[in-house]
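The values are calculated or read from the model by the stated rules, or taken from the named source; none is laboratory data. Predicted model only: the values in this text are computed from it and were never measured. Here the Cβ positions follow ideal geometry from the backbone for every residue, glycine too, while neighbour counts run over all protein chains shown.
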Amino acid sequence: MVSIIENQYKSILTSKIKNEEFAKIKELEITKLKNKLDSMNRKDDKDTYKKIKGEHYNLVKKIKDKNESLNMKLKEIIIEFMYQYMKLEEKFLNKKDMYELFLTLSGLNRFTTRYKKIPRDWLSIGFAGGVLEDLIVILRVAYQFDISTKHLISSTELIDGLKKVDKCRFSFISKVLEKLEEKDIPNYINQCLTLQGESKRINVYNGYYYAIQGIYGTV
């Protein structure tokens, strides 16, 4: 099992390098075409200018779509790896390695940028740290997701609410919903809460969950 997870980690590093190389090569192609476009006098040859401008637009769009596809795939690989890694008894990554995974995630799209600022104490707990990061955002603005207008949120409200959130925006929570049966989710979340350490952001009061920072709505 460990060797399989290690291979998954290596594939992440390889995919990251390939994606970065692809982005650099395609950026050069875009720059070359843009320079050619800028050097032209559109009044002298409107048809040629229009043609190259169209090629530039299509190339930018094509590369953007490709990059988004590659990034989405890499994100899924990382999240799956972190989920499986959390279950290992023999860990082989240090805190810096885990930070690099969160840092890589933060650069993949606008929904993952916040993982760059994950609390230091949560780095060593990996996937659970990602779950906590997703949860704190959801709990702070639960009213936006039509979960609750109150600060204290019941287990039922929370679990029902998690099904409503954007899967792309909350990747770790989405993975939990994908992997676990609904009856097992509250216990899993509670296990994650016990790992918060000194960077405690979420608490439970009489069975109700609440964000320690950023109170919105009524109690």
Exercise. Looking at (1) of a type in the set (Phe, Trp, Tyr); (2) closer than 30 Å to Leu180 by Cα; (3) free of Cβ contacts under 8 Å to residues at least 40 places away in the same chain; (4) exposed (fewer than 13 other Cβ atoms within 10 Å of the Cβ), which is the only condition Phe92 fails?
Worked result: (3)
For this session: With respect to Tyr49, determine if the residue is surrounded by 12 or more Cβ atoms within 10 Å (Cβ to Cβ), in a helix (DSSP H, G or I) and either on the phi > 0 side of the Ramachandran plot or at pLDDT 90 or above (or both).
Result: no
For this session: Please enumerate the residues belonging to segment 162-210 that are surrounded by 13 or more Cβ atoms within 10 Å (Cβ to Cβ) and under 18 Å from Arg120 (Cα atoms).
Result: Phe172, Cys192, Leu193, Leu195, Gln196, Gly197, Ser199, Lys200, Arg201, Ile202
For this session: Give Leu139, Leu74, Leu103, Leu132 a once-over and let me know the one that is part of a helix (DSSP H, G or I), among the aliphatic types (A, V, I, L, M) and free of Cβ contacts under 8 Å to residues at least 24 places away in the same chain.
Result: Leu103
For this session: Would you confirm whether any residue within segment 175-183 is in contact (Cβ under 8 Å) with a residue 24 or more places away in the chain and either in a loop (DSSP other than H, G, I, E, B) or more than 28 Å from Ile78 (Cβ to Cβ) (or both)?
Result: no
Exercise. Across segment 106-129, what is the number of residues that are of a type in the set (A, V, I, L, M, F, W, C), part of a helix (DSSP H, G or I) and under 16 Å from Glu76 (Cβ atoms)?
Worked result: 1
